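Participant: Take a look at the following structure, please.
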Amino acid sequence: MTTYTGAVFNNGIVAGLLEVLASARERGGTAPFADEIARVNRTLDSCAAARWAMPSATSAALLDLLAEDLRAATGRDLPPGFLRRLDEAAGGRNRSEFLTDTALRLRTSQREGIARFEDLPMSAWEAELRYAHLRDFSWWVESDEYGTFEEGVLAGVTSEHPGGCAHLLPALIAELHAALLLDADARSVAGLRSVVPWATPPILREVLRLASAHLLDAH
């Protein structure tokens, strides 16, 4: 079984899950922990690549596999830093029991259905993943290098022209639309603006207008 340890450890979703749960544990209480499990499922479900390559059921199976390996080999093949973060996430519980329980919670949460934003607001870590292109675009919006706001946005929109536009702009435009749809949910908007402070409706609409115009005019 230890031959699988490296593969499980190297899985980014498993490592990311432990990071999220450790952070939730640091904030205290059992409710935040349960909420983060639901947010993990929601995040996995929102990404087509994750649904295909690493759905929630597969992540839960990897946690079970890691728990079995830990019971057999006490983690001798795992890096100390990973084990330290696992202990922080477990909050003093036995490592294998914690992983098995977390796998069960992932499956239970998935059966119960994906949590809606109005029921469970988006957290900052979710916003960092969902709005990575908006976050990366912040320099163009906030920079004082350009004479006007519009000049800075246009520079950002055209920064990868021509070839990179096919990869950059569709993803940016999709995130702009999604961010605008969040506006009615104040708690989720707060999560977004903790990551992208400039993401107010007027600015989002203007960036969307300029990015869309570039695609229409130049491509």
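Bear in mind these aren't lab numbers, they're just calculated from the coordinates by the rules spelled out. Please read all numbers here as calculations on a predicted model, not as lab measurements. Positions of Cβ are generated from backbone atoms using ideal geometry, with glycine treated the same way; all protein chains shown enter the neighbour counts.
Participant: Do me a favour and compute the ellipsoid semi-axes for segment 46-104 from its Cα gyration tensor, root of five times each eigenvalue, largest one first, whole Å.
Facilitator: 23, 12, 12
Participant: Report the relative contact order of the chain, percent, no decimals, based on alpha-carbon pairs under 8 angstrom and at least 6 residues apart.
Facilitator: For the chain, the relative contact order is 21 percent.
Participant: Hey, another quick one. Between residue 161 and residue 203, what is the label-to-label distance in nm when each label sits 7 Å out along the Cα-to-Cβ direction?
Facilitator: 2.3 nm
Participant: Taking the highest mean first, how do the peptides 192-201, 165-174 order by number of other beta carbon atoms within 10 angstrom per residue?
Facilitator: So the order, starting with the most tightly packed, is 192-201, 165-174.
Participant: Continuing with this model, one more query. Provide, in order from the shortest bin, the percent of all Cα-Cα pairs of segment 136-206 in each 10 Å bin, continuing until the bin that contains the maximum pair distance.
Facilitator: All Cα pairs considered, the percentages come to 19, 49, 28, 4.
Participant: With charges set only on the Cβ (+1 for Lys and Arg, -1 for Asp and Glu), what does the dipole of segment 12-125 come to about its Cα centre, in debye to the nearest 20?
Facilitator: 40 debye
Participant: Still on this structure: Give the value in nm², to one decimal: projected area of the alpha carbon convex hull of segment 47-167, averaged over all directions.
Facilitator: In nm², the orientation-averaged hull projection of segment 47-167 is 11.9.
Participant: Hey, another quick one. So what's the convex hull volume per residue for the Cα atoms of the chain, in Å³?
Facilitator: Hull volume over Cα atoms, normalised by residue count, gives 147 Å³.
Participant: With each run of n ≥ 4 DSSP H residues scored as -39500 (n - 2.57), what mean residue ellipticity at 222 nm is computed for the chain after dividing by its residue count and rounding to the nearest 500 deg cm²/dmol?
Facilitator: It lands at -23000 deg cm²/dmol.
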